[in-house]
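Remarks on the structure that follows.
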Amino acid sequence: MRFADLVERARVLAGSGERRLLGIAGAPGSGKSTLARRLVDVLGGDAALVGMDGFHLAQRELARLGIADRKGAPDTFDGPGYADLLVRLRARGPDVVYAPEFRREIEEPVACAVPVPPDVPLVVTEGNYLLLPHGSWRRVRPMLDEAWFLLVDEELRVRRLVDRHVRFGRSPAEARERVLNGTDHHNARLVNATHAGADLVITEVD
């Protein structure tokens with residue numbers, strides 16, 4: 001699909017006269033973060049980017065719960081907190097809403113790192129579990145005016161994800177094990193199974 005067509009679709013949402021939320025979902029390595037950032041950069045002051053990854057539980061809390069080895073799975077996020085934030089963003093009150101941001105260089109979320117002023121008409125949010133119909137995650141989809149899903153070539157997705165893990169400190173062997181047999185593999189299967197809940201499924205972006 002042409003990037004220009006996606007921009008136009010987002011512009012229609014931003015120009016509706018009300019606060020709109022656009023969700024971009026996909027498995028790890030699908031390119032959803034890159035697409036969301038490109039859209040927001042083109043739309044300028046008409047859009048703000050809020051990532052679901054800002055709701056990762058802190059590493060200390062993951063260790064306390066005994067689930068640090070599954071970081072990235074649905075229960076390693078503050079799903080209710082993310083859903084509550086989307087409610088605030090939709091309400092478009094008079095105050096700036098501050099969202100958290102995940103910093104890969106430290107592998108931790110940082111609170112109040114992303115300001116969303118009340119005059120921004122479109123919030124683009126991206127993450128793995130926007131369409132997951134389980135637990136607190138089921139509150140997310142009704143908050144989205146549109147949901148897009150990136151369902152890209154699996155070989156490309158795996159290559160991107162392995163490269164990312166290596167870039168952030170894992171050995172190539174560790175990266176491939178995680179992506180092909182570990183947490184990332186299980187998460188990707190879970191996420192890809194939700195694509196039917198999207199308004200638009202994107203297999204490539206020109």
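Could you work out [θ]222 nm for the chain from helices alone, using -39500 (n - 2.57) per DSSP H run of at least four and dividing by all its residues? Round to the nearest 500 deg cm²/dmol.
Result for the chain, helices only: -11500 deg cm²/dmol.
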* What angle do you read, to the nearest 10 degrees and between 0 and 90, between the alpha-carbon axis of helix 183-192 and the longest principal axis of the chain? -> 40
* Going highest first, how would you order 151-164, 102-115 by mean Cβ packing within 10 Å? -> 151-164, 102-115
* Which angle between 0 and 90 degrees, to the nearest 10, do you get for helix 154-167 versus the longest principal axis of the chain when only C-alpha atoms count? -> 80
* Asked: Which of the peptides 23-30, 79-86 is most tightly packed, and how do the rest follow, going by the mean number of other Cβ atoms within 10 Å of each residue?
  -> 23-30, 79-86
* Asked: With point charges of +1 on the Cβ of Lys and Arg and -1 on the Cβ of Asp and Glu, referenced to the Cα centre of the chain, which listed residue (Ala173, Val40, Asn128) lies farthest in the positive direction of the dipole?
  -> Ala173
* Structure fact -> Tilt, helix 32-43 to longest principal axis of the chain (alpha-carbon atoms), in degrees rounded to tens, equals 30
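Each reported figure results from applying straightforward, stated rules to the coordinates on display, with no laboratory input. This is a predicted model, so every value here is computed, not measured. Here Cβ is always computed from backbone atoms with ideal geometry, including for glycine, and neighbour counts include all displayed protein chains.
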